[in-house]
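The values are calculated or read from the model by the stated rules, or taken from the named source; none is laboratory data. The structure presented is a predicted model; accordingly, all values stated were derived computationally and were not measured. Using ideal geometry, Cβ is built from the backbone for each residue, glycine included, and neighbour counts are taken over all protein chains shown. SASA here: full protein model, heavy atoms, side chains in, ligands and nucleic acids out. Shrake-Rupley method; radii C 1.70, N 1.55, O 1.52, S 1.80 Å.
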Amino acid sequence: AKSEVELISKMSEAHQQDFAAFSVEFDHFGSTNSPANQALCGAFWTALRASDLIIEEDVTQLFDVKEGTFLADRFVKGTCPRCGEPNQYGDNCDKCSATYAPTELLNPISALSGTVPEIRRAPHLFVELEKEHEFLAEWTRTPGTLQPEVANYLHSFFLGKPLRNWDVSRPAPYFGFEIPTHPGNYWYVWFDAPIGYLATTQEWCDKHGDNLDRWWRSPETEIYHFIGKDIVYFHTLFWPAMLKAAGFNLPKRVQVHGFLTANGEKMSKSKGARISASAYLEHLDPAYLRYYYASKLGSGIEDIDLDLEEFAQRVNSELLNKVINLASRTARFVEGTGLASVYPEDEGLFAAAAKTAEEIADAYDAFDFARAMRLTMALADKANEYVARMAPWALKKDPTKAQEVQDVCTVSLNLFRQLMVFLAPVLPKLAEQAAALLGASIARWEDAQAPLVGTPIGKYEHLMQKVEASAVLALAAANEEKAAPAETAPSGAEEVSDDDAALIAEPLGATCTFDDFAKIDLRVARVLKAEELPKAKKLLKLTLSLGGDHTRTVFAGIKAAYSADDLVGRLVVMVANLAPREMTFGTSEGMVIAAGPGAEEVFLLSPDSGAKPGQRVH
């Protein structure tokens, strides 16, 4: 078993590796379990006590009798007392964002022993938030500080009732910092966690001979927090009260994001992420995910759903076919000549994009990254229309039109550079590659305002590869394997032993070639309608969708095994290129694939729920 400190060190190293791989850079990566944070926690504590905000009260607390310890919030799970969501931790609900005491949980279970804890009394320390009622009510309603929906949510806490005292201590044993004024008690994790923001800054200042006050007490410094919607209460009520008491700057903006979901289910670090960063990196370029998230992330608190099919389609159709396409189709034509010495006539495209730069910057400033991506892709559409119309690859065939080729490519590559300036905050590595190709910096927003002329162009190398379906499927398969319940995978003590009765009944057929197999076109289909035929003993009439308006009628001998009503909406696999067959009840336009000897023992083969009608089965 690892100690807490060893675990922290290991996780920090893993997180930094993942961040680096996804082009996320830090000036300094700190830890809340540091001497700097302990010292600042003491300073905050002194300030809160001096402001007469700390009181002591006995509280009822969950106690694990088997382990002989009071349970920290994260060591107890149960049903949320507000919304009824099961499997929630003892301090806040992932689903409705409510905060509560562990004793309020319904059906609590100790994560240490799996037993039902009992309630015991113990002294705790509290921050009297009600004393800052007026300040917090005003700060949370200050325009620009919070999104309107967040401010409205918080406003309900101030209406006609006092703010609840905040429990900031936990009795030993507890991992964290012991409270110097109350030995045997420790600061609750959400007390020292945000103070870690200052502690990390302090460590950076110590390295560079700077002063913490210049960053956290200066009127020239703007502080922004980006948080998930499940920790709103901690960052918009508790934290501002702490900062005010200690005399530090309050954040200018707390930007709240929704959850990341997969198929509508929340991804959670604490409960096991559905797809880990390291697993993703084994299969796909991190730039794809950065762009996909940006294209989905608006200024509100809506969740983002990671739909792998949409992910591949969006990256390929937008990044590859619209942005990279501008460079890949034209750069090679001017590798020797470089750009034209005078910027050519371009139908006003460069000027229009330069003007749009302010609108895109405003979208970034408003945290509406999706809008910034939409505006950028609209410019890419116009640039591609120009290149397609001018067709430099066709002009290249005529030696007398060398100048026209250079002019068109000069326009195309300058429009490409503008797009990369606008995308650089999202795709910094790609922007560096584009800068190397063009031999000109892409480092400042102003770089989009003046075109490049007369400069050499480097040899074009692929800037980004297409998202291959095989890579996406491999990631999805790895994810499904990881997410499968442990009980479905047999342990060594419970090995599965399949008999060979089925093979004996139906021996393997003669060997066929790959070409023979390739002639069969297997497709995913959805059952739109299933009908019983009054005079048919074995057959059901199925209407299958291959997507869009493409439907097939198939008669399947599965009546003894399946009822018609149970089949509607189900995904099946069909032989789509089987010659039509005239039957008593009509024409069968294919065949659905099933296993089993027949009669009631027929088992339709069904793809996983993520498959789409019309997809080929390989």
Answer yes if at least one residue in region 10-25 is at pLDDT 95 or above, crowded, with 17+ Cβ neighbours inside 10 Å and either on the phi > 0 side of the Ramachandran plot or part of a helix (DSSP H, G or I) (or both), and no otherwise. no
Among residues of region 112-171 being over 35 Å from the mean Cα position of the chain (by Cα), in a loop (DSSP other than H, G, I, E, B) and among the charged types (D, E, K, R), the residue modelled with the lowest pLDDT is K161
Filter region 68-86 for residues that are touching a residue at least 24 places away in the same chain (Cβ under 8 Å) and over 18 Å from G176 (Cβ atoms); the one that is farthest from the chain's Cα centre (by Cα) is P81
Evaluate the following for V421: is it in contact with an Asp or Glu (Cβ under 8 Å, 6 or more places away or on another chain), crowded, with 24+ Cβ neighbours inside 10 Å, modelled with pLDDT of 95 or more and not polar (S, T, N, Q)? yes
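Find the residue count for region 293-334, including only residues that are among the basic types (K, R) and either within 18 Å of I275 (Cβ to Cβ) or open to solvent by less than 20 Å² (accessible area, probe 1.4 Å) (or both).
Counting residues in region 293-334 that are among the basic types (K, R) and either within 18 Å of I275 (Cβ to Cβ) or open to solvent by less than 20 Å² (accessible area, probe 1.4 Å) (or both) gives 2.
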State the number of residues belonging to region 439-490 that are at pLDDT below 80 and assigned to a helix (DSSP H, G or I). 11
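I'd like the full set of residues that are of a type in the set (S, T, N, Q) and either in a helix (DSSP H, G or I) or in contact with a Lys or Arg (Cβ under 6 Å, 6 or more places away or on another chain) (or both), limited to region 305-357.
Answer for region 305-357, where residues must be of a type in the set (S, T, N, Q) and either in a helix (DSSP H, G or I) or in contact with a Lys or Arg (Cβ under 6 Å, 6 or more places away or on another chain) (or both): Q313, N316, S317, N321, N325, S328, T356.
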Yes/no for F555 being at pLDDT 85 or above and of a type in the set (F, W, Y): yes
Here's a check for you: in region 91-111, which residue that is under 30 Å from S299 (Cα atoms) and part of a strand (DSSP E or B) is modelled with the highest pLDDT? N92
Name the single residue that is most open to solvent (accessible area, probe 1.4 Å) among those in region 244-283 being more than 30 Å from G90 (Cβ to Cβ) and at pLDDT below 95. E282
Of the criteria (1) surrounded by 19 or more Cβ atoms within 10 Å (Cβ to Cβ); (2) in contact with a Leu (Cβ under 9 Å, 6 or more places away or on another chain), which one G84 fails: (1)
Cβ-Cβ under 7 Å pairs, at least 6 apart or on other chains, region 452-480 side small (G, A, S), far side outside any loop (DSSP other than H, G, I, E, B) and surrounded by 12 or more Cβ atoms within 10 Å (Cβ to Cβ): G458/A436; G458/L437; A469/A312; A476/L308; A478/A279
Suppose we keep only residues that are open to solvent by 80 Å² or more (accessible area, probe 1.4 Å) and closer than 22 Å to T376 by Cα within region 335-353. Which one would you say is nearest to the chain's Cα centre (by Cα)? E347
